[in-house]
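Take a look at the structure below.
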Amino acid sequence: MPSIVFATRNQNKIKEANAALNGAFEIIGLDAVGCEEELPETSPTIEENALEKARYVHRHYQVDCFSEDTGLEVEALDGAPGVYSARYAGPANDAEANMTLLLSNLKGVENRKARFRTVIALILDGKEHTFEGVVNGQVIHIKKGRGGFGYDPIFMPDGYNRTFAQMTVEEKNAISHRGQAIAKLKAFLEEVK
Ligand code: ITT
C-alpha cells in the first residue's frame, strides 16, 4: 500500500482521513519522520496556512506530504472565526471555549448560516497541489452530540437534523468539508501513483 505523511498534530483529522482513504493509502504521522515540533500557522488565509504547514515538513524532512487547514466561516460574523478557528477563544485551541465564545457572539442573531471550509495542500515530487472541500449549514443554539471534534456539536449541515457530533465518522465524511477534500486528494493520488 503506498504511504504518505499527513502533516498534522490533530489526531481527529488523522482518524477521519484514515476512514476516508479506506486503505487506498497508508497515512504516516509526523512522529514517524522525527518531527516533534509544532507546525507554523502564521498565514492570513486557510489556503496559505495549509501550504505553510506542508512546505515546512517538506523542507525540513524531505518527504512527500500533505497538510490541511480548516475554518468555520460564519456569515453574520463576516466569515469569522475562519482562519482563526483554532485560536478563537485564545491560544489553547480549547473546543469548549471556542464554541461558548461563538454562541455568545451569535446571541440574538437570527442568521445562523455558516460553512466549514478545508484546504488540503499536497507536496508530491516537489510540486504543490491544493484540494478544497466546503459544507454549508447552520450554527445551532446549543451543543448537541458527543462525536466528532472542535465545533461539531454546534454545526448542523444543510439537509440534516443532526449535528456533525451526532454522526459516525463515516456519516460525517460522506458530506463534510474534510471528506470532500480528501476524496479529491485520493482521486489525484490514485491517478499519479
Ligand atoms: P493541525 O495540526 O492540522 O494544524 P489544528 O487542530 O490546529 O491541527 P486547524 O489549524 O485546521 O487544526 O484548526 C481548525 C480549528 O477548527 C480547530 O479549532 C478545530 O478543532 C476546528 N475544526 C477543524 N476541523 C473541524 C471539523 O471537521 N469539525 C469541527 N471543528 C473542526
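Things to note:
- Qualifying positions in the stretch 3-34 - assigned to a loop (DSSP other than H, G, I, E, B), more than 11 Å from the ligand (Cβ to nearest atom) and open to solvent by 60 Å² or more (accessible area, probe 1.4 Å): N22
- Each residue in the stretch 101-114 was checked for being within 17 Å of A165 (Cβ to Cβ) and within 20 Å of the chain's Cα centre (by Cα), and 2 pass.
- Counting only residues that are within 26 Å of A114 (Cβ to Cβ), of a type outside the set (G, A, S) and assigned to a loop (DSSP other than H, G, I, E, B), the stretch 35-81 holds 6 of them.
- One residue alone among G145, G150 is in contact with a Ser or Thr (Cβ under 9 Å, 6 or more places away or on another chain), open to solvent by less than 30 Å² (accessible area, probe 1.4 Å) and in contact (Cβ under 8 Å) with a residue 12 or more places away in the chain, and that residue is G150.
So that you can scan it fast, the table gives a plain yes or no per residue for (1) of a type in the set (K, R); (2) at pLDDT 95 or above; (3) over 30 Å from G23 (Cα atoms):
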| residue | (1), (2), (3) |
| --- | --- |
| S104 | no, yes, yes |
| R117 | yes, yes, no |
| E128 | no, yes, no |
| E132 | no, yes, no |
| N136 | no, yes, no |
| V139 | no, yes, yes |
| R146 | yes, yes, no |
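- Here Y160 meets each of (1) more than 28 Å from P44 (Cβ to Cβ); (2) touching a residue at least 24 places away in the same chain (Cβ under 8 Å); (3) aromatic (F, W, Y) with one exception, condition (2).
To keep it simple, each residue is scored yes or no on (1) without any contact (Cβ under 8 Å) to a residue 12 or more places away in the chain; (2) crowded, with 16+ Cβ neighbours inside 10 Å; (3) in a helix (DSSP H, G or I).
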| residue | (1), (2), (3) |
| --- | --- |
| A97 | yes, no, yes |
| N136 | no, no, no |
| A165 | no, yes, yes |
| K172 | no, yes, yes |
| L185 | no, yes, yes |
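- Residues of the stretch 106-129 that are away from the ligand (no atom under 14 Å from the Cβ), open to solvent by 70 Å² or more (accessible area, probe 1.4 Å) and either assigned to a strand (DSSP E or B) or among the polar types (S, T, N, Q) (or both): K113, K127, E128.
- Subset tally (residues that are within 13 Å of the ligand (Cβ to nearest atom) and more than 25 Å from G179 (Cβ to Cβ)) for the stretch 37-55: 4
For every residue, the table says whether it meets (1) buried (at least 22 other Cβ atoms within 10 Å of the Cβ); (2) farther than 23 Å from P153 by Cβ.
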| site | (1), (2) |
| --- | --- |
| E48 | no, yes |
| T70 | yes, no |
| G82 | no, no |
| G90 | no, no |
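- Check on G82, within 10 Å of the ligand (Cβ to nearest atom), modelled with pLDDT of 95 or more and in contact with an Asp or Glu (Cβ under 6 Å, 6 or more places away or on another chain): yes
- Screening E132 against (1) within 16 Å of the ligand (Cβ to nearest atom); (2) farther than 22 Å from E52 by Cβ; (3) acidic (D, E) leaves a single unmet condition, (2).
The values are calculated or read from the model by the stated rules, or taken from the named source; none is laboratory data. These numbers were taken from a predicted model, which means no experiment stands behind them. Cβ sites come from the backbone with ideal geometry, for glycine too, and all protein chains shown count toward neighbours. We work out accessible area using only protein heavy atoms, side chains counted, and drop any ligands, DNA or RNA first. Shrake-Rupley method; radii C 1.70, N 1.55, O 1.52, S 1.80 Å.
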